[in-house]
Amino acid sequence: MKTNIIIIDDHQLFREGVKRILDFEASFDVVAEGDDGSEAMSLVEAHHPDVVIMDINMPRINGVEATRLLIERYPDTKVIILSIHDDENYVTHALKTGAQGYLLKEMDADALVDAVKVVADGGSYLHPKVTHNLVQEYRRLAMEEHSGNERYAPEIRKPLHLLTRRECEVLQLLADGKSNRGIGETLFISEKTVKNHVSNILQKMNVNDRTQAVVLAIKNGWVEVK
């Protein structure tokens, strides 16, 4: 079955670029487009999409407010926010309204496709740079909670009882905010191999997406937060 997608963005050229990327994926079908948050509601009602890709900065009704209204009326709606902002305040606010994905507009095509697939399957997806910023904030809060000492750092214990050494390396790079391409370049392996490692990590850690994997790894002291 195809994943039906609606794109909401007030910049026509950017919207067309996103659609062009999605059209290359045989399992995707862009069923409608809009240029304002106020238009999103009527389009969702008419087309019942699996995923809505929503720009955060739009006139009249912005993407976060439109997401809140959509989730209130259609609780099963899955929304991916597109943004130029990587600040954790923007991210947490968007997620609190019900968005299941947050992508920066500097994303590459693979990240966009991966995000839609993950969110359509019920998971959540954050741009790697956003994940890194949230990790840094989590570390700051953990330091305050434990001792208030800025030199506090948890003992790092690699989860070799659960993951292979290579998977531990990939997990650390996920926590560093690396994309699949960045991980591949760092470890001198192909992006396909990286995707296989990430899939194995998620399965072994019993989590749905890479963000959950990173959060769990931090809580267990399996990765170093840089």
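The values are calculated or read from the model by the stated rules, or taken from the named source; none is laboratory data. Only a predicted model underlies this, so the values are computations on that prediction, with no experimental measurement involved. As a convention, Cβ positions derive from the backbone with ideal geometry for all residues, glycine included, and neighbour counts pool all protein chains shown. Just so you know, the surface numbers come from the protein's heavy atoms only, side chains and all, with ligands and any DNA or RNA stripped out. Shrake-Rupley method; radii C 1.70, N 1.55, O 1.52, S 1.80 Å.
Summary table
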item	result
Qualifying residue in the range 143-165 (condition: exposed (fewer than 14 other Cβ atoms within 10 Å of the Cβ), part of a helix (DSSP H, G or I) and either hydroxyl-bearing (Ser, Thr, Tyr) or at pLDDT 90 or above (or both))	yes
The range 203-226: number of residues that are open to solvent by 30 Å² or more (accessible area, probe 1.4 Å), in a helix (DSSP H, G or I) and at pLDDT 90 or above	2
Scope the range 76-108; condition in contact with a Ser or Thr (Cβ under 9 Å, 6 or more places away or on another chain) and among the basic types (Lys, Arg); matching residues	Lys105
Where a residue in the range 80-107 is small (Gly, Ala, Ser) and its partner, wherever it lies, is surrounded by 21 or more Cβ atoms within 10 Å (Cβ to Cβ) and assigned to a loop (DSSP other than H, G, I, E, B), with Cβ under 9 Å and at least six apart	Ser83/Ile56; Ser83/His127; Ala94/Ile56; Gly98/Thr77; Gly101/His127
Matching residues, the range 5-55, being under 18 Å from the mean Cα position of the chain (by Cα), open to solvent by 10 Å² or more (accessible area, probe 1.4 Å) and among the aliphatic types (A, V, I, L, M)	Ile21
Leading residue by the ranking (most open to solvent (accessible area, probe 1.4 Å)) among those in the range 167-202 that are assigned to a loop (DSSP other than H, G, I, E, B) and touching an Asp or Glu at 6+ places or on another chain (Cβ under 9 Å)	Lys178
Selection status of Pro59, without any contact (Cβ under 8 Å) to a residue 24 or more places away in the chain and either out of contact with any His (no Cβ under 6 Å at 6 or more places or on another chain) or not β-branched (Val, Ile, Thr) (or both)	no
Any pair with Cβ under 7 angstrom, 6 or more apart, that starts in the range 207-219 at a residue that is more than 12 Å from Leu171 (Cβ to Cβ) and ends at one that is open to solvent by less than 20 Å² (accessible area, probe 1.4 Å)	Asn208/Gly123; Asp209/Gly123; Asp209/Tyr125; Thr211/Leu126; Thr211/Thr131
Count - residues of the range 185-199 that are touching a Leu at 6+ places or on another chain (Cβ under 8 Å) and in contact (Cβ under 8 Å) with a residue 24 or more places away in the chain	2
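For (1) among the charged types (D, E, K, R); (2) under 18 Å from Arg210 (Cα atoms); (3) part of a helix (DSSP H, G or I); (4) open to solvent by 10 Å² or more (accessible area, probe 1.4 Å), each residue gets a yes or a no:
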{"position": "Met58", "(1), (2), (3), (4)": "no, no, no, yes"}
{"position": "Glu65", "(1), (2), (3), (4)": "yes, no, yes, yes"}
{"position": "Leu70", "(1), (2), (3), (4)": "no, no, yes, no"}
{"position": "Leu82", "(1), (2), (3), (4)": "no, no, no, no"}
{"position": "Asn89", "(1), (2), (3), (4)": "no, no, yes, yes"}
{"position": "Thr92", "(1), (2), (3), (4)": "no, yes, yes, yes"}
{"position": "Leu103", "(1), (2), (3), (4)": "no, yes, no, no"}
